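Heads up: the structure comes next, in structure tokens.
The values are calculated or read from the model by the stated rules, or taken from the named source; none is laboratory data. All of these numbers come straight from a predicted model, not from anything done at the bench. Heads up, the Cβs are rebuilt from the backbone with ideal geometry, glycines too, and the neighbour counts pull from every protein chain shown. Just the protein is used for accessible areas: all its heavy atoms, side chains included, with ligands, DNA and RNA removed. Shrake-Rupley method; radii C 1.70, N 1.55, O 1.52, S 1.80 Å.
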Amino acid sequence: MKQANIRNFSIIAHIDHGKSTLADQIMAQTHTITPRESKAQLLDDMAVEQAHGITVKSRTVRNYYTADDGQHYEYNFIDTPGHVDFSYEVAKSLAASDGAILLVDATQGVQAQTVANFRIAKQNGLVIIPVINKIDSAAADIPRTTAQIKQLDPALEKATILKISAKTGEGVHDVLEAIKAVIPAPDGHKTAPLKALVFDYQYNAYKGIIAYVRIIDGQLKRDDAALLMAKNTKLSVSELGHFAPNMVPEASLTVGDVGYVVTGLKDPQAVRVGDTLTLINQPAKLALAGYQPAKAMVFAGFYPKDGNYSDLKAAIEKLALNDAAFQFKPENSEALGAGFRCGFLGMLHLQIIRERLQKEYDLDVLTTAPNVTYQVYLKGTSEPMIVTNPIKYPDFATIDHVAEPFVKAEITTPSELLNDVMKLAEQHKGTLLDMNNQADLVVLTYKMPISEIAYDFFNQLKSISHGYATLDTSPLDYEVADLVKIEVDINYAPVDALAFVAHRQDAPRLTQALVKKLKYTVPRKLYAMPVQAIVEGKAIARVDVPPLRKNAAVAGGKKSVSKKQALLRRQSMNKRQAAKNTIVLPQEVFNAVLELD
Ligand code: GTP
């Protein structure tokens, strides 16, 4: 395909505004898929995606379009996910695009995610095609939606706004024509040394790591000896091609193309998102400016429920291959044995990984309380100790001070919910940095500790705003905070896997809530067991888990006195043995910590 006839674009939209339906319609109208296939919503086929109704992985599809001018075009559509945990994927796929379709549902108008995604696209310098969807619906309010889009940005005031129904296909032809007319063809030189941007990758059991690339300069052919520049990793291109939406092998990919490269590499560390692929014989002098690698913000321990460590290890290794943001390393807990310390983008990411282990590998894991990374400065030292695991948190007497990571949180909310949203952000230790009006929406910028935002903040925000507010975060620096480690003792023995770190001011409230939950989730024994939450050597909350003990006096009503005495004696012997007994803790116990807010 001539470079001038290639277009690389994404669709950005609020959730449910019709992105997948439009992507299907584009594939159908360009005959990439048959009408029958289009009904199946091809782009959302992963089981987990369907369960969550969100797109976990970006997928790129090449379509061939014969325009009204009679010329043939290559349209590379790059799918973007819509959830906050995956905003790095939005940035990543947008970096491989030259333009974006801004899709707005006419029945709902501009929503928070429309604004947030529009901002990311603008920061990436993408050309925007505004499109109003669902015009077939009786509830469509086209004049209002048009006015809202124009208010988004001065550049959109004079733009032509297309009106379509992705469902019926009406107006979609105009979108196809606009892509060609408005979005620029890729720049770059075919004869220059190869520079290909790796914007995603996938692991395939047979083929190894498959990199998703956009060719910025040069050409790549099958059997080429290539080089990943970040770590000087050499590879031989055994296969390359494009997605339609399945893999279609080709002899070469050239400047402007988007496609896949079978690297033959098996080591998950070898391929990094943002890396530059070049040729060994004629290498590029400089790598492309990589974007920020996805950074794990939340850590938690994963332990096998049935003790099968090697199955869990194999499954986790495979999952990490398909998920650049998921990290893991082995760890040990006294209470749970061998397991893994895993890093996630946020709580939703953690839940998705847990579900994938369950659904795809049939594995149940015990998950410990999540935490962030702490910088602990010990007395008499100037370099911090980096702690990602509460088990490793040093003794309070040795600590001088502790710092925790902060983020800049941009919340976009309908103005009528402003007070509720501000209250929520303040409850989560947010400091307001900026406030901006945009149509009927307000964009609030806060500085907040990641620990406050990573757990349940997003769900609470969704809940108070009925799904209308959005959140976008970017990392700030570490700041000193008053933090304490909370240890949990069951029957006077510390359970290391239950320890967590919290702000001192929240410790009394959290520990009260925790011990109350533990009272009903710790498996009962024949004797009463105290559950204590301990901060800096002092128990600050306690409950007793009631015993399973049959009341000999009552239960044995008809029994002889000596039998009752024998029963009581047995029970008291059990009690003495108790200290030696290990308690097997079910996931509900760990959920008690996971679900604290
Ligand atoms: P996420 O992947 O969750 O972000 O959703 P999405 O933006 O991909 O939306 P999707 O394409 O799944 O569409 C959401 C709902 O809107 C579905 O029930 C579609 O059938 C419906 N829908 C999409 N386009 C149209 C349209 O043009 N008209 C009408 N009436 N409904 C539409």
> Quick one: which of ARG542, ARG509, ARG569 is modelled with pLDDT under 85, surrounded by fewer than 18 Cβ atoms within 10 Å (Cβ to Cβ) and either at negative phi or under 34 Å from the mean Cα position of the chain (by Cα) (or both)?
Replying inline: ARG569
>> Against the definition (under 23 Å from the mean Cα position of the chain (by Cα) and not aliphatic (A, V, I, L, M)), how does PHE396 come out, yes or no?
In response: no
>> Looking only at the range 334-348, how many residues end up being at pLDDT below 85 and within 17 Å of ALA497 (Cα to Cα)?
In response: 3
>> Only one of GLN327, GLN358, GLN351 is modelled with pLDDT under 85 and either of a type in the set (S, T, N, Q) or not assigned by the TED database to the domain that holds LYS313 (or both). Can you tell me which?
In response: GLN351
>> Between ASP68, ASP24, ASP45, ASP79, which is open to solvent by 50 Å² or more (accessible area, probe 1.4 Å) and either at pLDDT 60 or above or touching a helix residue (DSSP H, G or I) at 6+ places or on another chain (Cβ under 6 Å) (or both)?
In response: ASP68
> Mind checking whether some residue in the range 104-115 is modelled with pLDDT of 95 or more, farther than 19 Å from ILE15 by Cβ, in a loop (DSSP other than H, G, I, E, B) and within 16 Å of the ligand (Cβ to nearest atom)?
Replying inline: no
>> Here are the criteria: (1) part of a helix (DSSP H, G or I); (2) at pLDDT 95 or above. Tell me which single one TYR446 does not satisfy.
In response: (1)
> Among the residues of the range 403-435, which ones are open to solvent by 20 Å² or more (accessible area, probe 1.4 Å) and of a type in the set (A, V, I, L, M)?
Replying inline: LEU417, LEU418, MET422, LEU432, LEU433, MET435
> Hey, among the residues in the range 391-431 that are acidic (Asp, Glu) and assigned to a helix (DSSP H, G or I), which one's modelled with the lowest pLDDT?
Replying inline: GLU416
>> Filter the range 160-179 down to the residues that are out of contact with any helix residue (DSSP H, G or I) (no Cβ under 7 Å at 6 or more places or on another chain), crowded, with 16+ Cβ neighbours inside 10 Å and more than 17 Å from ALA23 (Cβ to Cβ) and list them by number.
In response: none
> How many of the residues making up the range 7-27 are touching a strand residue (DSSP E or B) at 6+ places or on another chain (Cβ under 8 Å), part of a helix (DSSP H, G or I) and more than 6 Å from the ligand (Cβ to nearest atom)?
Replying inline: 4
>> Out of the strands (runs of 3 or more DSSP E) lying entirely within the range 290-365, which hold 2 or more residues that are aliphatic (A, V, I, L, M)?
In response: 298-304
>> Looking at ILE183 and the list (1) more than 24 Å from THR66 (Cα to Cα); (2) away from the ligand (no atom under 16 Å from the Cβ); (3) not acidic (Asp, Glu), which single condition is not satisfied?
In response: (1)
>> For TYR309, only one of the following conditions fails: (1) in contact (Cβ under 8 Å) with a residue 40 or more places away in the chain; (2) out of contact with any Ser or Thr (no Cβ under 7 Å at 6 or more places or on another chain); (3) of a type outside the set (A, V, I, L, M, F, W, C). What is its number?
In response: (1)
>> Quick test of your reading of the structure: ASP506 fulfils all but one of (1) of a type in the set (D, E, K, R); (2) free of Cβ contacts under 8 Å to residues at least 12 places away in the same chain; (3) in contact with a helix residue (DSSP H, G or I) (Cβ under 7 Å, 6 or more places away or on another chain). Name the failing condition by number.
In response: (3)
> Counting only residues that are surrounded by fewer than 15 Cβ atoms within 10 Å (Cβ to Cβ) and at pLDDT below 85, how many does the range 449-464 have?
Replying inline: 1
>> Testing THR278 on (1) closer than 22 Å to ASP79 by Cα; (2) polar (S, T, N, Q); (3) touching a Pro at 6+ places or on another chain (Cβ under 9 Å), one condition comes back false. Which one is that?
In response: (1)
